Amino acid sequence: MAETNKESLLFTRVNKDTQSLPVSVEDWERQAREILPDGPFDYIAGGSGAEETLASNRTAFSKWAIVPRMMRDVTNRTMGITLFNQSLRTPIMLAPVGMQAIAHPEGELATARAAKEAGVPLVVSTVSAHPMERIAEVMGDAPRWFQLYWSNDREVSASMVKRAEAAGYSAIVLTVDTIMLGWKRRDFRNGYSPLREGKGMANYITDPVLCSRLTEVTAENVVEEILKNIYHPALNWNDIAFLREQTSLPILVKGILHPDDARLAVEYGVDGIIVSNHGGRQMDGAISTLEALPAIAKVVAGKIPVLLDSGVRTGADVVKAIALGANAVMIGRPFLFGLAVAGEKGVASVLDTLIHELDVAMALSGSNSVADLNESILVRV
Ligand SMILES: Cc1cc2nc3c(=O)[nH]c(=O)nc-3n(C[C@H](O)[C@H](O)[C@H](O)COP(=O)(O)O)c2cc1C
Ligand SMILES: CCCCCCC(=O)C(=O)O
């Protein structure tokens, strides 16, 4: 059933509770800029190097235009999809974003409440500011995945995955583009590191295996341990087999940009791919994700789901990504700006806007379902 009709649009958009809230991601970002100190704001908004990839993630969307279809009776359209046997309200998810307490003291707990309310799956980061079990409690039965940062100590990785499975997370996202941290000029200028402020250690300081490795469990020792583990250049495709032995959950790899890596992901038995350049925060000069998507979708050829993040800001962006071969998309900074400005309400509003925009974009492009979206409604401009 279509979600946006005249009544719901009027109610949602001209309701006195929402009137004062920003209506675009750019507006949320402007307000976040006013609220947050330079360190956290630049950490969130910035990219690596000269920020070329950060910029191209956005321009890539402008290089495709939608050519809408008419007279297609879109009364009974749906945005629903099924991923890993789970029915989802829309093809939109919240990307793993660590250390959310730098945006708002409630961090992931506020995000989790908003995600649950909106029926949007949340991917919880290894470096979340609250323990994964606490976030899971907030979410109840709502869909959630766990994002794994590989540890040099494989038993720590195994422990995190087992904890996630026990806490009701339904997929594991292995991030593969962060074998070391991107070179972030803004953070150097600001002398800012959220980890050094102790914002991302909740899952480590509560991890029995990691703690068993320390002679004394202090915040300082745990941070040092995390820094050692975040640097894991030896990660390779054979590690997938070890991960597979630890869990029966679907495993996705996040950070794929090359079609040959997509082919390898399928060969190594991965269950899903996330086309991502980490929001332009890792390899600067890397291809934008929308540019990378068509070749990856072609190689994968429907064998496993392909998701995309980095630069998605509007409902029309979601339409373009799906039309070019994505099964679903994720957003990162947009919800974090909402969180910084208005906590749970901010995340809820960002999601509400994006979902309504997608519904309108689908209707006005003549699409009754996500399956209707394909390259025939796009043109390169
Ligand atoms: C502040 C911040 C923290 C992030 N933390 C993580 C993380 O812990 N794990 C991860 O896989 N990706 C992380 N990401 C990357 C996001 O998952 C996602 O790839 C990216 O934000 C998508 O781009 P967008 O912000 O343009 O939507 C982070 C991004 C930001 C902005
Ligand atoms: C030293 C901890 C770094 C965590 C990286 C979080 C992330 O993926 C990002 O900020 O981007």
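The values are calculated or read from the model by the stated rules, or taken from the named source; none is laboratory data. Keep in mind the model is a prediction, meaning the values are calculated, not measured. Virtual Cβ from ideal backbone geometry, glycine too; neighbours counted across all protein chains shown.
From Ala340, Ala321, grab the single residue that is buried (at least 23 other Cβ atoms within 10 Å of the Cβ) and in contact with a strand residue (DSSP E or B) (Cβ under 7 Å, 6 or more places away or on another chain).
Working: Ala340 fails: in contact with a strand residue (DSSP E or B) (Cβ under 7 Å, 6 or more places away or on another chain).
Matching residue, one of Ala340, Ala321: Ala321.
Are there any pairs with C-beta distances below 7 angstrom linking a residue in the range 35-56 that is under 20 Å from Pro96 (Cα atoms) to a residue that is more than 11 Å from ligand 2 (Cβ to nearest atom) and among the β-branched types (Val, Ile, Thr), with the two at least 6 apart or on different chains, and if so which?
Gly47/Thr53
How many residues does the range 188-224 contain that are touching a helix residue (DSSP H, G or I) at 6+ places or on another chain (Cβ under 6 Å) and charged (D, E, K, R)?
2
Name the residues in the range 360-381 that are among the small types (Gly, Ala, Ser), within 10 Å of Ile66 (Cα to Cα) and outside any loop (DSSP other than H, G, I, E, B), would you?
Ala361, Ser376
Here are the criteria: (1) away from ligand 2 (no atom under 16 Å from the Cβ); (2) more than 20 Å from Leu174 (Cα to Cα); (3) over 15 Å from the mean Cα position of the chain (by Cα). Tell me which single one Val350 does not satisfy.
With (1) away from ligand 2 (no atom under 16 Å from the Cβ); (2) more than 20 Å from Leu174 (Cα to Cα); (3) over 15 Å from the mean Cα position of the chain (by Cα) applied to Val350, the lone miss is (3).
Conditions first: (1) assigned to a helix (DSSP H, G or I); (2) within 16 Å of ligand 1 (Cβ to nearest atom); (3) in contact with a strand residue (DSSP E or B) (Cβ under 7 Å, 6 or more places away or on another chain). Ala262 passes all but one, so which condition is the exception?
(2)
Yes/no matrix, rows are residues, columns are (1) in contact with a Pro (Cβ under 7 Å, 6 or more places away or on another chain); (2) on the phi > 0 side of the Ramachandran plot; (3) of a type in the set (Phe, Trp, Tyr):
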position	(1), (2), (3)
Ala129	no, no, no
Gly140	no, yes, no
Val156	no, no, no
Lys184	no, no, no
Leu195	no, no, no
Gly198	no, yes, no
Ala202	yes, no, no
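Does at least one position in the range 330-340 carry a residue that is at negative phi and more than 14 Å from ligand 1 (Cβ to nearest atom)?
no
Of the residues that sit in the range 178-217 and are assigned to a loop (DSSP other than H, G, I, E, B) and acidic (Asp, Glu), which one is farthest from Val156 (Cα to Cα)?
Per the criteria, the residue is Glu197.
Okay, residues lined up against (1) of a type in the set (S, T, N, Q); (2) within 16 Å of ligand 2 (Cβ to nearest atom); (3) out of contact with any Gly (no Cβ under 7 Å at 6 or more places or on another chain); (4) not in a helix (DSSP H, G or I):
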| site | (1), (2), (3), (4) |
| --- | --- |
| Ala65 | no, no, yes, yes |
| Arg69 | no, no, no, yes |
| Met79 | no, no, yes, yes |
| Ala101 | no, yes, no, no |
| Glu106 | no, no, no, yes |
| Arg113 | no, no, yes, no |
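Would you check if there is a residue in the range 101-112 being within 16 Å of ligand 1 (Cβ to nearest atom), closer than 30 Å to Val379 by Cα and surrounded by fewer than 19 Cβ atoms within 10 Å (Cβ to Cβ)?
no
So Leu210 passes all but one of these: (1) surrounded by 19 or more Cβ atoms within 10 Å (Cβ to Cβ); (2) within 16 Å of ligand 1 (Cβ to nearest atom). Which condition number does it fail?
(2)
Please work out if Glu220 is within 12 Å of ligand 2 (Cβ to nearest atom) and either part of a helix (DSSP H, G or I) or modelled with pLDDT of 95 or more (or both).
Judged against the criteria, Glu220 is not a match.
Considering only residues that are within 11 Å of ligand 2 (Cβ to nearest atom) and either more than 12 Å from Ser151 (Cα to Cα) or in a helix (DSSP H, G or I) (or both), look in the range 226-237 and name the one that is nearest to the chain's Cα centre (by Cα).
Of everything passing the filter in the range 226-237, Ile230 is nearest to the chain's Cα centre (by Cα).
Give the residues of the range 265-294 that are among the hydrophobic types (A, V, I, L, M, F, W, C), crowded, with 17+ Cβ neighbours inside 10 Å and not in a loop (DSSP other than H, G, I, E, B), sorted by residue number.
Ala265, Ile273, Ile274, Val275, Leu290, Ala292, Leu293
Listed here are the residues, each with its yes/no results for (1) assigned to a helix (DSSP H, G or I); (2) among the small types (Gly, Ala, Ser); (3) touching a Gly at 6+ places or on another chain (Cβ under 9 Å); (4) surrounded by 19 or more Cβ atoms within 10 Å (Cβ to Cβ).
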| residue | (1), (2), (3), (4) |
| --- | --- |
| Thr126 | no, no, yes, yes |
| Ala142 | no, yes, yes, no |
| Ala158 | yes, yes, no, no |
| Arg163 | yes, no, no, yes |
| Ser170 | no, yes, no, no |
